[in-house]
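Only one structure is covered here, and it is reproduced in the block below.
The values are calculated or read from the model by the stated rules, or taken from the named source; none is laboratory data. Please read these numbers as outputs of a predicted model, since none were measured by experiment. Note: ideal-geometry Cβ built from the backbone for every residue, glycine included; neighbour counts use all protein chains shown.
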Amino acid sequence: MSTWERRTVLGLLVGVGALTAGGLSAQDLADFDYENLSFRGIGGEVGQIFPSRVEDAYSYTFFVDLGYLGPGLRIVPSATYWTSPFKDAEVQELEARLTDLAGAPVDLGEIQWTDVAVALDGQVVWRLPGSLFSFAGAGVALHVLDGEGAAIQGTLVEDLLDSLTPGFNLHLGFEYPLADQFRLSTQGRYEVMGDLQYFEVRAGIRILFGNLAAGEGRSR
């Protein structure tokens with residue numbers, strides 16, 4: 001992990017800790033129970049990832065708001081998609097290894113990696129002055145990774161790149177309600193799965209249905 005990545009993770013951990021402490025003591029979002037955990041909203045986000053092994057890429061996320069499991073603790077399942085070519089250095093390193101094994105030059109061309117991730121996040125929500133909300137938390141995910149390329153089709157290399165990989169994330173973000181049921185959101189995330197890590201920034205919308213929890217409404 002690079003120095004920049006270590007600093008990013010440390011910053012997210014500090015942010016999660018600080019906002020968690022604030023969120024758990026917040027009065028506006030207190031006194032929630034398991035019976036309130038139900039489908040109550042949907043949303044979508046577009047983001048950009050900055051990965052360790054593949055090129056930077058756009059990401060697309062759909063999520064569901066299941067409400068509050070405990071005081072200020074929101075549960076959010078989601079599905080995210082991105083696809084990106086491997087960095088040249090990664091492909092060249094793999095070509096060198098295969099050349100050593102085969103005893104002849106190997107040209108792999110472009111290799112594409114696609115990820116479809118299903119995640120479950122727990123977010124501590126904290127109300128800031130005015131109508132702004134912050135949230136911070138962590139989550140677990142299952143990543144369906146698929147490697148593709150003309151030169152690796154049907155080979156062991158493709159089999160090695162195709163995998164079902166668990167992962168986890170740390171994240172923090174902000175929401176601004178344009179109306180009680182409609183919110184703009186933005187967040188930063190650090191995802192870790194196997195030998196791939198990446199920082200991600202997202203922005204999108206959240207649409208809520210039915211009654212809001214106490215303290216969730218827009219300031220009048």
Practice task
Filter the range 34-68 down to the residues that are assigned to a strand (DSSP E or B) and of a type in the set (Gly, Ala, Ser), then identify the one that is nearest to Leu208 (Cα to Cα).
Solution key: Gly41
Fill in the blank from the handout: If we keep only residues of the range 192-220 that are farther than 30 Å from Glu55 by Cα and either without any contact (Cβ under 8 Å) to a residue 60 or more places away in the chain or in contact with a helix residue (DSSP H, G or I) (Cβ under 8 Å, 6 or more places away or on another chain) (or both), then the residue surrounded by the most Cβ atoms within 10 Å (Cβ to Cβ) is Ala213
Fill in the blank from the handout: Given the conditions (1) part of a loop (DSSP other than H, G, I, E, B); (2) more than 14 Å from Val157 (Cβ to Cβ), every one holds for Leu108 apart from (2)
Problem - Among (1) over 26 Å from Thr165 (Cα atoms); (2) at pLDDT 90 or above - the single one Glu110 does not satisfy - result: (1)
Practice task
Specify which of the listed residues (Arg218, Arg206) is modelled with pLDDT of 95 or more, in contact with a Leu (Cβ under 9 Å, 6 or more places away or on another chain) and not aromatic (Phe, Trp, Tyr).
Solution key: Arg206
Problem - Top-ranked residue in the range 72-86 [being free of Cβ contacts under 8 Å to residues at least 40 places away in the same chain and either out of contact with any strand residue (DSSP E or B) (no Cβ under 6 Å at 6 or more places or on another chain) or surrounded by fewer than 19 Cβ atoms within 10 Å (Cβ to Cβ) (or both); ranked as nearest to Ala214 (Cα to Cα)] - result: Tyr81
Exercise for the section: Please tell me if Asp121 is of a type in the set (Asp, Glu) and surrounded by fewer than 19 Cβ atoms within 10 Å (Cβ to Cβ). Expected result: no
